Structure formats: structure tokens, C-alpha cells
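The structure under discussion appears below in the form of C-alpha cells.
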Amino acid sequence: MGRTKTFKRVYVWQLPVRLFHWVNALAIVVLCITGFLISNPPSIMSNAEAYDTFWMGTIRSIHFISAYCFFFAIILRMYWAFVGNKFSHWKAFFPFSKKGIHNMFHVIKHDVFLLPDNDAKLSDISIGHNSMAAIAYLLLFFLSVIMIFTGFGLYADTATWWLPKMFSWVPSFLGGDFLTRTIHHITMWLIILIVMLHIYLVLYHDWLEGRGETSSMISGYKFVRKERIEKKKK
């Protein structure tokens, strides 16, 4: 009979990280929905006066407010990558050591393709982000930068203050509004794909390992095998 696994409650995600996570999550959802409506607005028949049916203007306002929330959350998260704990530090997003690459292939093999996990080791289990998640979040950051530049670039001409106008050069640099909007749209779909993979892996680990992956972004705590912690201390 195998030894019973024992777990210890470990504080992993600090409050600012959790706040940035949920602000970004909500902002991405709102930005995607309003972005779809802006790119392909539905036709609504109404006998009301035009000034009473300024719904697309409201949609655009919600889109822009969400974009600002997304932008400032990214900026603050970048700051926290230098002052936060080791789990949220910028070094955690560059898992390109031999151990990190091994962990990444372990996640792809067993978590994504659901192949047998009989050869799993304690070194394959991460307390914070696993290597696959770290690379995905690094990619998500670069995609977010593209979204910010192209989004504010498209908004710059109608903006009334200096922040969006700083990006007014982007459309001309990319070859015009049409290409800028196309890049903005494609990048949105790439972000949606990463978010879908992220949700799948979080729920998968929560169900398979019972380490509190989902609740950790509310409480900040994960449940980690004591053997893993002891091995980490050595």
C-alpha cells in the first residue's frame, strides 16, 4: 500500500496578484464582448428618438473604460513582478532551465494530452506556476502589449487626453487602420485561446490533485504536498 499523501497550506498568491488577476479577467471578458459588438454591430429596429438609442456609444465607452482598467492592471502587475514574492517575480516567467523545460514537457504530455503519469516525480509538481503556465503567461503579456498598442492606436484620433494620443503613430507604422484593426482582432482570438487553455488546466489540476488551484486566486493559499516542501528546502 502506498504512503498517504499529506498536504500543507502554503501562501502563494499575494493580494495584489489576485486583484490584478481578477481585474484582467473581467476586463478581457468585457473587452471581447464589446469588441465583437463594435466590429459587427447588430441592427436594432426602434421607433425611439436617436438621442434615446445611443447604445453603440455606450458600448464603446464600456470598451474604452475596460481597456484603461486592463492597461493599468498590466502596468501594476509589471511593477509587482519586481517587488512581489518568488511566485509572482518576473524570473518565474522564464522557466528555460533544464528542470523548467522538463516540467513543461511533463505538463504537455500528461496534462494536455492526458497520457499516463506513472513516472511523475515531486520535481514535476510546481508550487507556483508550472513551466507551461509561465510560458503561456509570458506570451499573454506580449499579446496584451500588442492589444494595448493597436487598441490605443485606433482610439488616438478621437481621444481627448494625452495617454491614447501617445499611440497615434501605431496605425501609420503598421500600414493603416485596416491592418491595425486586423492585428487587434487576431490578437484577441489568440488571447481567448490561451484563456481557454488556462481555465482547462486550472480545473484539471484542481480535480486531479486537489491542491486548491481555483480557490488560491481568492484566498491566496494552495495545498502542497509536505514532501514537495521538504524537497524544496534541501
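The values are calculated or read from the model by the stated rules, or taken from the named source; none is laboratory data. Remember, it's a predicted structure, so these values are computed and weren't measured experimentally. Note: ideal-geometry Cβ built from the backbone for every residue, glycine included; neighbour counts use all protein chains shown. Quick note on the areas: whole protein, heavy atoms, side chains included, nothing else; ligands and nucleic acids left out. Shrake-Rupley method; radii C 1.70, N 1.55, O 1.52, S 1.80 Å.
Data overview
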item	result
Residue under evaluation Phe70, criteria (1) under 19 Å from Cys32 (Cβ atoms); (2) without any contact (Cβ under 8 Å) to a residue 12 or more places away in the chain, criterion not met	(2)
Leading residue by the ranking (modelled with the lowest pLDDT) among those in region 46-65 that are assigned to a helix (DSSP H, G or I) and touching a Ser or Thr at 6+ places or on another chain (Cβ under 7 Å)	Ile59
Candidate set from region 145-164 (those that are assigned to a helix (DSSP H, G or I) and polar (S, T, N, Q)); member that is surrounded by the most Cβ atoms within 10 Å (Cβ to Cβ)	Thr150
Given (1) within 11 Å of Ile194 (Cβ to Cβ); (2) surrounded by 16 or more Cβ atoms within 10 Å (Cβ to Cβ); (3) modelled with pLDDT of 90 or more, number of the condition Ala133 does not satisfy	(3)
Residue list for region 1-27, filter: farther than 26 Å from Ile127 by Cβ and at pLDDT 95 or above	Leu26, Ala27
Residue, most open to solvent (accessible area, probe 1.4 Å), within region 204-234, restricted to residues that are part of a helix (DSSP H, G or I) and at pLDDT 85 or above	Ile218
Only one of Phe142, Phe167 that is within 25 Å of Val107 (Cβ to Cβ) and either out of contact with any Pro (no Cβ under 6 Å at 6 or more places or on another chain) or open to solvent by 50 Å² or more (accessible area, probe 1.4 Å) (or both)	Phe142
Some residue of region 78-92 being out of contact with any Gly (no Cβ under 9 Å at 6 or more places or on another chain), more than 25 Å from Tyr11 (Cα to Cα) and at pLDDT 75 or above	no
Subset of region 7-43 (residues that are closer than 19 Å to Arg77 by Cα and hydroxyl-bearing (Ser, Thr, Tyr))	Tyr11
Single residue of region 182-197 satisfying the filter (in contact (Cβ under 8 Å) with a residue 40 or more places away in the chain and open to solvent by 50 Å² or more (accessible area, probe 1.4 Å)) that is farthest from Ala133 (Cα to Cα)	His185
Count - residues of region 69-91 that are aliphatic (A, V, I, L, M) and open to solvent by 30 Å² or more (accessible area, probe 1.4 Å)	4
